Amino acid sequence: MWEKVASLVAEMGGQLVQNSKVVKIETQDKKITAVVAKNQVTGEETRYEGDYFISTMPVKELIEAMNAQIPDTVREVSSGLIYRDFITVGLLLSKLKLPDITDNWIYIQEPEVKVGRLQIFNNWSPFMVKDPNTVWVGLEYFCNEKDELWELSESDMKAMAIRELSDIGIIFKEDVLDSVVIKMPKTYPAYFGTYDRFGELKSYVDQFSNLFLVGRNGMHKYNNQDHSMLTAIEAVRNIRTNVSGKENIWAINAEQEYHEEK
Ligand SMILES: Cc1cc2nc3c(=O)[nH]c(=O)nc-3n(C[C@H](O)[C@H](O)[C@H](O)COP(=O)(O)OP(=O)(O)OC[C@H]3O[C@@H](n4cnc5c(N)ncnc54)[C@H](O)[C@@H]3O)c2cc1C
């Protein structure tokens, strides 16, 4: 879907710069004037000026990159934001030991294993699996970047995944045909750390009239894809209709945020 969107942007004359990381954000009088992006392949830095800036970079990194007189309290909130990270191990199997599972997500409660949740991709849609006579399962490990689990080698991670699913009776070890390990930093923006003071950070960044924070880590909010797209749509609407406030963007998924609280 996003490849299609990218081609539509190009057709309309837009330029999509990829493999480039925004490393500096220049500001003047509570406006963003330009960003400097570093090409992740060549290391070359390029400066881009703009009228409006819509950001999906983690808000913590946005604050670190801004060359502005940021109040110490805002820096404190930003540096105290916490993320939960995630590793998924995909296993391709000739079959499941328990053949009648129709669920797509299964939370694993057994205390003797580290896997927290299991996805059975066939049960999302048969089109997610190339050969319908095989089964792709994804084991999900919730962790923190640089912790013991994060530092495990790919082969150790795969071996552990196979051992764990076999130990709790879901697969036979000998049915594994292929495997893959994907590490995903900043999977979950956490609602602890300095999150209870997030309003201080939000009030500060909202003063930059041409800056719009959208998405999941861009807003440090547990937004799913639909919410993330809605925040972007709302930001564009504000730009097009000259609305300077950002509250309508922050209001998206506010009830979900409430449900996440105890
Ligand atoms: C493991 C996992 C499972 C998920 N499952 C679901 C699901 O089942 N259903 C659902 O609806 N949602 C799911 N989500 C959430 C969904 O992926 C997000 O809500 C959505 O992708 C957020 O969109 P976004 O544009 O904010 O962020 P992203 O899709 O993460 O895009 C942010 C972009 O910003 C770029 N970026 C970051 N920093 C910089 C920088 N400094 N300079 C330049 N570019 C930068 C990144 O490279 C990335 O391309 C899942 C997320 C994860 C991680």
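Scanning the range 24-80 for residues that are in contact with a helix residue (DSSP H, G or I) (Cβ under 6 Å, 6 or more places away or on another chain) and either within 11 Å of the ligand (Cβ to nearest atom) or over 23 Å from Arg237 (Cα atoms) (or both) turns up Lys24, Ile25, Ile54, Ser55, Lys60, Ile63, Thr73, Val74, Val77, Ser78.
Select from the range 223-256 the residues that are modelled with pLDDT of 95 or more and hydroxyl-bearing (Ser, Thr, Tyr) and write down the one among them that is farthest from Ile63 (Cα to Cα). So the residue we want is Thr241.
For first residues located in the range 43-71 and farther than 28 Å from Asp85 by Cβ, partners that are within 12 Å of the ligand (Cβ to nearest atom) and in a helix (DSSP H, G or I) and lie 6+ apart or on another chain with Cβ distances below 9 Å form the pairs Tyr52/Ala235.
Counting only helices (runs of 4 or more DSSP H) that fall entirely inside the range 1-83 and contain at least 1 residues that are more than 16 Å from Tyr204 (Cα to Cα), the qualifying elements are 2-11.
Within the range 203-223, one or more residues are within 16 Å of the ligand (Cβ to nearest atom) and either of a type in the set (Asp, Glu) or in a helix (DSSP H, G or I) (or both). The residue that is farthest from the ligand (Cβ to nearest atom), counting only those in the range 224-249 that are closer than 26 Å to Ala68 by Cα and surrounded by fewer than 13 Cβ atoms within 10 Å (Cβ to Cβ), is Asn242. Candidates Asp178, Asp131: the one that is more than 24 Å from Ile82 (Cα to Cα), in a loop (DSSP other than H, G, I, E, B) and not aromatic (Phe, Trp, Tyr) is Asp131. Confirm whether Ile108 is more than 12 Å from the ligand (Cβ to nearest atom) and over 30 Å from Ala37 (Cα atoms). Answer is yes for this residue.
The values are calculated or read from the model by the stated rules, or taken from the named source; none is laboratory data. A quick note: this is a predicted structure, and the numbers were derived from the prediction, not measured. As a convention, Cβ positions derive from the backbone with ideal geometry for all residues, glycine included, and neighbour counts pool all protein chains shown.
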